[in-house]
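Take a look at the structure set out below.
The values are calculated or read from the model by the stated rules, or taken from the named source; none is laboratory data. The model shown is predicted, which means the values in this text are computed figures rather than measured ones. As a convention, Cβ positions derive from the backbone with ideal geometry for all residues, glycine included, and neighbour counts pool all protein chains shown. Protein only, heavy atoms only, side chains kept; ligands, DNA and RNA dropped before computing areas. Shrake-Rupley method; radii C 1.70, N 1.55, O 1.52, S 1.80 Å.
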Amino acid sequence: MDQPATFHDLHGASVYITGGGSGVGAALTDGCLAQGANVAFIGRSDASDFVEEMRDKHGRAPLFMQGDMTDTDLLHATMQKAAEAHGPLNVLINNAANDKRHALEDTTSEFWDWMIEVNLKAYYFACQEAARQMKDKGGSIVNFSSISYMMGNSGYPIYTTSNAGITGMTRSLARELGPKNIRVNALAPGWVLTQKQLDMWATPEDLAAHLDRQCLKEHLTPEDMIAPTLFLASNASRAMTGQCMAVDGGVVVTG
Ligand SMILES: NC(=O)c1ccc[n+]([C@@H]2O[C@H](COP(=O)([O-])OP(=O)(O)OC[C@H]3O[C@@H](n4cnc5c(N)ncnc54)[C@H](O)[C@@H]3O)[C@@H](O)[C@H]2O)c1
Ligand SMILES: O=C(O)C(=O)C[C@H](O)[C@H](O)CO
(Lines give C-alpha, C1' and ligand atoms only; values in the text may rest on other atoms or scores of the structure.)
(Ligands and ions follow the chains in the order given, each with its own letter.)
Protein backbone atom coordinates (compact mmCIF):
# COMPACT_ATOMS: atom_id res chain seq x y z
CA MET A 1 0.00 0.00 0.00
CA ASP A 2 1.05 3.64 -0.39
CA GLN A 3 2.79 5.05 2.63
CA PRO A 4 0.52 7.64 4.22
CA ALA A 5 3.49 9.53 5.67
CA THR A 6 7.26 9.61 5.77
CA PHE A 7 9.08 9.45 9.10
CA HIS A 8 12.57 10.57 8.14
CA ASP A 9 14.28 9.46 11.35
CA LEU A 10 13.25 5.86 10.64
CA HIS A 11 15.37 5.78 7.48
CA GLY A 12 18.28 3.48 8.35
CA ALA A 13 16.87 2.77 11.82
CA SER A 14 17.41 -0.63 13.41
CA VAL A 15 13.95 -2.08 14.11
CA TYR A 16 13.15 -5.39 15.81
CA ILE A 17 9.62 -6.82 15.58
CA THR A 18 8.27 -9.87 17.38
CA GLY A 19 6.00 -11.89 15.09
CA GLY A 20 6.91 -9.74 12.09
CA GLY A 21 6.21 -12.44 9.49
CA SER A 22 2.41 -12.72 9.53
CA GLY A 23 -0.78 -10.87 10.41
CA VAL A 24 -0.36 -7.33 11.75
CA GLY A 25 3.38 -7.97 12.21
CA ALA A 26 3.90 -8.59 8.49
CA ALA A 27 2.24 -5.26 7.68
CA LEU A 28 4.55 -3.60 10.21
CA THR A 29 7.64 -5.19 8.66
CA ASP A 30 6.47 -4.00 5.24
CA GLY A 31 5.73 -0.50 6.57
CA CYS A 32 9.10 -0.16 8.30
CA LEU A 33 11.02 -1.39 5.24
CA ALA A 34 9.12 1.16 3.14
CA GLN A 35 10.48 3.88 5.44
CA GLY A 36 14.03 2.67 4.73
CA ALA A 37 14.43 1.01 8.14
CA ASN A 38 16.42 -2.19 8.64
CA VAL A 39 14.08 -4.78 10.09
CA ALA A 40 14.79 -7.94 12.05
CA PHE A 41 12.02 -10.17 13.35
CA ILE A 42 11.39 -13.37 15.26
CA GLY A 43 8.55 -15.77 14.48
CA ARG A 44 7.65 -19.33 15.28
CA SER A 45 6.79 -20.47 11.76
CA ASP A 46 8.95 -20.36 8.66
CA ALA A 47 8.65 -16.95 6.99
CA SER A 48 11.07 -17.49 4.08
CA ASP A 49 8.41 -16.76 1.43
CA PHE A 50 7.49 -13.50 3.12
CA VAL A 51 11.17 -12.53 3.36
CA GLU A 52 11.55 -13.05 -0.39
CA GLU A 53 8.35 -11.10 -1.06
CA MET A 54 9.82 -8.20 0.93
CA ARG A 55 13.16 -8.47 -0.88
CA ASP A 56 11.36 -8.24 -4.23
CA LYS A 57 9.24 -5.32 -3.07
CA HIS A 58 11.83 -3.21 -1.25
CA GLY A 59 15.16 -4.43 -2.64
CA ARG A 60 16.17 -5.28 0.93
CA ALA A 61 15.16 -8.31 2.95
CA PRO A 62 14.26 -8.31 6.62
CA LEU A 63 16.42 -10.49 8.86
CA PHE A 64 14.19 -13.37 9.92
CA MET A 65 15.08 -15.55 12.89
CA GLN A 66 12.86 -18.54 13.56
CA GLY A 67 12.27 -19.42 17.19
CA ASP A 68 10.06 -19.30 20.24
CA MET A 69 10.32 -15.94 21.98
CA THR A 70 9.25 -17.44 25.32
CA ASP A 71 12.82 -18.78 25.54
CA THR A 72 14.35 -15.61 26.96
CA ASP A 73 17.96 -16.52 26.13
CA LEU A 74 16.98 -17.22 22.53
CA LEU A 75 14.91 -14.03 22.33
CA HIS A 76 17.86 -11.99 23.60
CA ALA A 77 20.26 -13.78 21.23
CA THR A 78 18.06 -12.88 18.24
CA MET A 79 17.94 -9.24 19.37
CA GLN A 80 21.74 -9.24 19.65
CA LYS A 81 21.99 -10.71 16.14
CA ALA A 82 19.75 -7.90 14.94
CA ALA A 83 22.16 -5.41 16.51
CA GLU A 84 25.15 -7.09 14.84
CA ALA A 85 23.39 -6.86 11.47
CA HIS A 86 21.79 -3.41 11.73
CA GLY A 87 23.31 -1.65 14.75
CA PRO A 88 21.87 -1.35 18.27
CA LEU A 89 18.09 -1.14 18.21
CA ASN A 90 16.38 2.19 17.72
CA VAL A 91 12.92 0.65 17.80
CA LEU A 92 11.37 -2.44 19.39
CA ILE A 93 7.85 -3.43 18.37
CA ASN A 94 6.42 -6.05 20.72
CA ASN A 95 3.71 -7.42 18.45
CA ALA A 96 3.59 -11.23 18.76
CA ALA A 97 0.80 -12.60 20.92
CA ASN A 98 -1.63 -15.51 21.09
CA ASP A 99 -5.39 -15.07 21.48
CA LYS A 100 -6.21 -18.79 21.81
CA ARG A 101 -9.73 -19.16 23.19
CA HIS A 102 -10.30 -20.63 26.66
CA ALA A 103 -12.69 -20.57 29.61
CA LEU A 104 -11.95 -20.18 33.31
CA GLU A 105 -13.46 -23.53 34.14
CA ASP A 106 -11.15 -25.46 31.83
CA THR A 107 -7.94 -23.58 32.49
CA THR A 108 -4.97 -25.53 33.80
CA SER A 109 -2.02 -24.03 35.60
CA GLU A 110 0.24 -25.03 32.66
CA PHE A 111 -1.99 -23.24 30.15
CA TRP A 112 -1.99 -20.08 32.32
CA ASP A 113 1.82 -20.15 32.47
CA TRP A 114 2.14 -20.62 28.70
CA MET A 115 -0.31 -17.82 27.86
CA ILE A 116 1.42 -15.41 30.23
CA GLU A 117 4.82 -16.41 28.85
CA VAL A 118 3.72 -15.58 25.31
CA ASN A 119 1.54 -12.56 25.98
CA LEU A 120 3.41 -10.85 28.81
CA LYS A 121 6.75 -12.38 29.77
CA ALA A 122 8.23 -12.22 26.27
CA TYR A 123 7.17 -8.57 26.00
CA TYR A 124 8.93 -7.74 29.26
CA PHE A 125 12.20 -9.47 28.44
CA ALA A 126 12.25 -8.00 24.93
CA CYS A 127 12.01 -4.58 26.64
CA GLN A 128 14.92 -5.57 28.89
CA GLU A 129 17.28 -6.29 25.97
CA ALA A 130 16.03 -3.30 23.97
CA ALA A 131 16.72 -1.02 26.95
CA ARG A 132 20.28 -2.35 27.16
CA GLN A 133 20.83 -1.62 23.46
CA MET A 134 19.16 1.82 23.64
CA LYS A 135 20.77 3.05 26.85
CA ASP A 136 23.27 5.43 25.22
CA LYS A 137 21.23 6.95 22.39
CA GLY A 138 17.60 6.45 23.43
CA GLY A 139 14.92 4.70 21.42
CA SER A 140 11.26 3.83 21.17
CA ILE A 141 9.37 0.74 22.31
CA VAL A 142 5.86 0.03 21.03
CA ASN A 143 3.93 -2.64 22.94
CA PHE A 144 0.87 -4.06 21.20
CA SER A 145 -2.03 -4.39 23.63
CA SER A 146 -5.71 -4.65 22.63
CA ILE A 147 -9.02 -2.97 23.33
CA SER A 148 -10.33 -6.45 24.19
CA TYR A 149 -9.76 -5.93 27.92
CA MET A 150 -11.33 -2.47 27.86
CA MET A 151 -14.40 -4.03 26.22
CA GLY A 152 -14.50 -6.72 28.90
CA ASN A 153 -14.51 -9.42 26.23
CA SER A 154 -15.04 -13.01 27.35
CA GLY A 155 -13.58 -16.11 25.71
CA TYR A 156 -9.90 -15.43 26.33
CA PRO A 157 -9.46 -14.10 29.90
CA ILE A 158 -5.71 -14.77 30.11
CA TYR A 159 -5.20 -12.86 26.86
CA THR A 160 -7.20 -9.86 28.17
CA THR A 161 -5.37 -10.07 31.50
CA SER A 162 -2.12 -9.84 29.57
CA ASN A 163 -3.39 -6.92 27.45
CA ALA A 164 -4.18 -5.01 30.64
CA GLY A 165 -0.77 -6.00 32.03
CA ILE A 166 0.94 -4.64 28.93
CA THR A 167 -0.47 -1.16 29.51
CA GLY A 168 0.60 -1.26 33.17
CA MET A 169 4.06 -2.48 32.24
CA THR A 170 4.27 0.25 29.61
CA ARG A 171 3.59 2.99 32.13
CA SER A 172 6.14 1.67 34.64
CA LEU A 173 8.87 1.10 32.07
CA ALA A 174 8.25 4.56 30.60
CA ARG A 175 9.02 5.96 34.07
CA GLU A 176 12.13 3.79 34.52
CA LEU A 177 13.54 4.38 31.04
CA GLY A 178 12.51 8.00 30.46
CA PRO A 179 15.76 9.42 31.92
CA LYS A 180 17.63 7.49 29.20
CA ASN A 181 15.33 8.97 26.54
CA ILE A 182 13.81 5.58 25.86
CA ARG A 183 10.11 6.01 25.22
CA VAL A 184 7.62 3.22 25.90
CA ASN A 185 4.08 3.36 24.55
CA ALA A 186 1.30 0.87 23.99
CA LEU A 187 -0.94 0.59 20.95
CA ALA A 188 -4.35 -0.99 21.45
CA PRO A 189 -5.90 -2.13 18.17
CA GLY A 190 -9.58 -2.82 17.75
CA TRP A 191 -10.60 -5.79 15.66
CA VAL A 192 -8.10 -6.12 12.83
CA LEU A 193 -9.21 -8.51 10.12
CA THR A 194 -6.11 -10.56 9.51
CA GLN A 195 -6.49 -13.81 7.57
CA LYS A 196 -6.16 -15.69 10.88
CA GLN A 197 -9.01 -13.71 12.45
CA LEU A 198 -11.17 -14.36 9.37
CA ASP A 199 -10.32 -18.06 9.35
CA MET A 200 -10.67 -18.69 13.08
CA TRP A 201 -12.94 -16.27 14.89
CA ALA A 202 -14.86 -13.88 12.65
CA THR A 203 -18.51 -14.91 12.22
CA PRO A 204 -20.81 -12.66 10.16
CA GLU A 205 -22.84 -11.93 13.32
CA ASP A 206 -19.81 -10.90 15.40
CA LEU A 207 -18.45 -8.78 12.57
CA ALA A 208 -21.76 -6.94 12.21
CA ALA A 209 -22.04 -6.44 15.98
CA HIS A 210 -18.50 -5.08 16.11
CA LEU A 211 -19.10 -2.64 13.27
CA ASP A 212 -22.13 -1.37 15.20
CA ARG A 213 -19.80 -0.55 18.09
CA GLN A 214 -17.33 1.34 15.87
CA CYS A 215 -17.93 5.00 15.07
CA LEU A 216 -16.28 4.40 11.68
CA LYS A 217 -18.16 1.87 9.60
CA GLU A 218 -15.28 0.02 7.98
CA HIS A 219 -13.43 -2.96 9.40
CA LEU A 220 -9.78 -2.43 10.24
CA THR A 221 -7.00 -4.03 8.20
CA PRO A 222 -3.42 -4.87 9.21
CA GLU A 223 -2.29 -1.94 7.03
CA ASP A 224 -4.31 0.42 9.25
CA MET A 225 -1.85 -0.34 12.05
CA ILE A 226 1.22 0.79 10.09
CA ALA A 227 1.09 4.59 10.32
CA PRO A 228 0.06 4.70 14.01
CA THR A 229 2.94 2.34 14.83
CA LEU A 230 5.41 4.37 12.78
CA PHE A 231 4.22 7.50 14.58
CA LEU A 232 4.92 5.94 17.99
CA ALA A 233 8.24 4.49 16.77
CA SER A 234 9.50 7.76 15.33
CA ASN A 235 10.52 11.10 16.76
CA ALA A 236 7.17 12.44 15.59
CA SER A 237 5.92 11.28 19.00
CA ARG A 238 9.04 12.41 20.88
CA ALA A 239 7.00 14.01 23.69
CA MET A 240 4.83 10.92 24.23
CA THR A 241 5.64 8.11 26.60
CA GLY A 242 3.73 5.84 28.96
CA GLN A 243 0.57 6.16 26.85
CA CYS A 244 -1.84 3.63 25.41
CA MET A 245 -3.14 4.71 22.02
CA ALA A 246 -6.32 2.99 20.80
CA VAL A 247 -6.55 2.46 17.04
CA ASP A 248 -9.97 0.89 16.84
CA GLY A 249 -12.26 2.81 14.51
CA GLY A 250 -13.82 4.44 17.55
CA VAL A 251 -15.29 1.60 19.56
CA VAL A 252 -17.59 3.03 22.16
CA VAL A 253 -17.43 0.84 25.23
CA THR A 254 -20.66 0.90 27.21
CA GLY A 255 -21.38 -0.54 30.64
N1 LIG B 1 -5.95 -9.08 15.02
C2 LIG B 1 -6.69 -8.40 15.90
O3 LIG B 1 -7.92 -8.24 15.74
C4 LIG B 1 -6.05 -7.76 17.08
C5 LIG B 1 -6.86 -6.99 17.91
C6 LIG B 1 -6.30 -6.37 19.00
C7 LIG B 1 -4.95 -6.52 19.27
N8 LIG B 1 -4.19 -7.27 18.46
C9 LIG B 1 -2.77 -7.40 18.80
O10 LIG B 1 -1.98 -7.17 17.66
C11 LIG B 1 -0.83 -8.00 17.69
C12 LIG B 1 -0.76 -8.81 16.41
O13 LIG B 1 -1.95 -9.57 16.29
P14 LIG B 1 -2.21 -10.56 15.05
O15 LIG B 1 -3.67 -10.70 14.96
O16 LIG B 1 -1.42 -10.15 13.88
O17 LIG B 1 -1.60 -11.92 15.64
P18 LIG B 1 -1.29 -13.29 14.87
O19 LIG B 1 -1.65 -14.38 15.79
O20 LIG B 1 -1.93 -13.28 13.52
O21 LIG B 1 0.28 -13.24 14.66
C22 LIG B 1 1.10 -13.36 15.76
C23 LIG B 1 2.55 -13.54 15.30
O24 LIG B 1 3.32 -13.78 16.46
C25 LIG B 1 4.11 -14.93 16.27
N26 LIG B 1 4.26 -15.62 17.54
C27 LIG B 1 3.26 -16.04 18.36
N28 LIG B 1 3.79 -16.69 19.41
C29 LIG B 1 5.13 -16.67 19.24
C30 LIG B 1 6.21 -17.20 19.98
N31 LIG B 1 6.03 -17.88 21.12
N32 LIG B 1 7.46 -16.99 19.53
C33 LIG B 1 7.68 -16.31 18.38
N34 LIG B 1 6.68 -15.79 17.63
C35 LIG B 1 5.43 -15.98 18.06
C36 LIG B 1 3.36 -15.78 15.27
O37 LIG B 1 4.27 -16.63 14.59
C38 LIG B 1 2.76 -14.72 14.36
O39 LIG B 1 3.70 -14.34 13.37
C40 LIG B 1 -0.97 -8.85 18.96
O41 LIG B 1 -0.24 -8.25 19.98
C42 LIG B 1 -2.45 -8.80 19.27
O43 LIG B 1 -2.72 -8.95 20.65
C44 LIG B 1 -4.70 -7.91 17.37
O1 LIG C 1 -8.51 -10.05 19.70
C2 LIG C 1 -8.47 -8.89 20.10
O3 LIG C 1 -7.56 -8.44 20.78
C4 LIG C 1 -9.58 -8.00 19.78
O5 LIG C 1 -9.65 -6.90 20.27
C6 LIG C 1 -10.58 -8.50 18.80
C7 LIG C 1 -11.91 -7.76 18.73
O8 LIG C 1 -11.85 -6.45 19.21
C9 LIG C 1 -12.99 -8.52 19.38
O10 LIG C 1 -13.00 -9.86 18.97
C11 LIG C 1 -14.34 -7.89 19.06
O12 LIG C 1 -15.29 -8.44 19.88
Would you kindly state how much longer the chain becomes between L211 and R60 on full extension, computed as 0.36 nm times their sequence separation minus their alpha carbon distance, in nm to one decimal?
50.6 nm
Rounded percent of accessible protein surface that carbon and sulfur make up, the chain, 1.4 Å probe
51 percent
Name the long-range amide H neighbours of L187: under 5 Å, sequence gap of 5 or more, or other chain; modelled H, no Pro or chain starts.
N143, F144, S145, M245
In percent, what relative contact order does the chain have, based on Cα pairs under 8 Å that are 6 or more apart in sequence?
20 percent
Taking only C-alpha pairs under 8 Å that are 6+ residues apart, what is the relative contact order of region 1-91 in percent?
30 percent
Can you give the Rg and Dmax of region 40-172 based on its C-alpha atoms, in angstrom?
16.2, 50
On average, how much area does the Cα convex hull of region 141-188 cover when viewed from any direction, in nm²?
2.9 nm²
Spherically averaged projected area of region 105-255 from its Cα convex hull (nm²)
10.3 nm²
Sequence order, region 213-220: Karplus ³J(HN,Hα) from phi using 6.51 cos²θ - 1.76 cosθ + 1.60, θ = phi - 60°, Hz rounded, Gly and Pro as x, gives 6, 7, 5, 8, 9, 10, 5, 7
Whole-Hz ³J(HN,Hα) for each residue in region 180-192, computed from phi via Karplus 6.51 cos²θ - 1.76 cosθ + 1.60 with θ = phi - 60°, x for glycine and proline: what do you get?
9, 6, 9, 9, 9, 10, 10, 10, 10, x, x, 7, 10
Semi-axes of the equivalent ellipsoid for region 1-103, Cα gyration tensor, largest first, Å
22, 16, 13
Suppose R0 equals 30 Å; then what is the FRET efficiency for E52 and H76 from their Cβ-Cβ distance, rounded to the nearest 0.05?
0.65
The ³J(HN,Hα) series, computed from each phi in region 93-102 with the Karplus coefficients 6.51, -1.76 and 1.60 at θ = phi - 60°, rounded to the nearest Hz and given as x for glycine or proline, is 10, 7, 10, 5, 7, 9, 9, 3, 6, 6
Residues listed by number, region 115-157, amide nitrogen under 16 Å from A164 label point at 7 Å toward C-beta
116, 120, 145-157
Return the long-range amide H neighbours of R44 (sequence gap of 5 or more, or a different chain), with a cut-off of under 5 Å between placed amide H atoms.
G67
When the charge dipole of the chain is computed with +1 at the Cβ of Lys and Arg and -1 at the Cβ of Asp and Glu, the Cα pointing farthest to the positive end, of L104, G59, N143, is that of N143
Quick check on the chain: helices-only [θ] at 222 nm, where DSSP H runs of length 4 and up contribute -39,500 (n - 2.57) each and the sum goes over total residues. Nearest 500, please.
-12500 deg cm²/dmol
Going Cα to Cα from K217, which aspartates and glutamates come in below 12 Å? Please leave out same-chain ones fewer than 8 positions away.
D248
Label point at M240 placed 7 Å out along Cα→Cβ; residues across region 138-166 whose backbone nitrogen lies under 14 Å:
140-145
Please give every one of the aspartates and glutamates within straight-line cross-link reach of K81, meaning a C-alpha to C-alpha distance under 13 Å, and leave out same-chain neighbours fewer than 8 residues apart.
D73, E129
Put R213, R132, R183, R60 in order of accessible area, largest first, probe 1.4 Å, and you get R132, R213, R60, R183
Please report Rg (one decimal) and Dmax (integer) in Å for the Cα set of the chain.
17.3, 51
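Which of the pairs K57/K196; K135/K196; K57/K180; K121/K196; K100/K180; K100/K137 have their Cα atoms more than 26 Å apart in this structure? Let's see the in-between values first.
Details: K57/K196 23 Å; K135/K196 36 Å; K57/K180 36 Å; K121/K196 23 Å; K100/K180 36 Å; K100/K137 38 Å.
With Cα atoms farther than 26 Å apart: K135/K196; K57/K180; K100/K180; K100/K137.
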Taking H placed 1.01 Å from N in the peptide plane, check which residues at least 5 places from L220 or on another chain put their amide H under 5 Å from its amide H.
L193
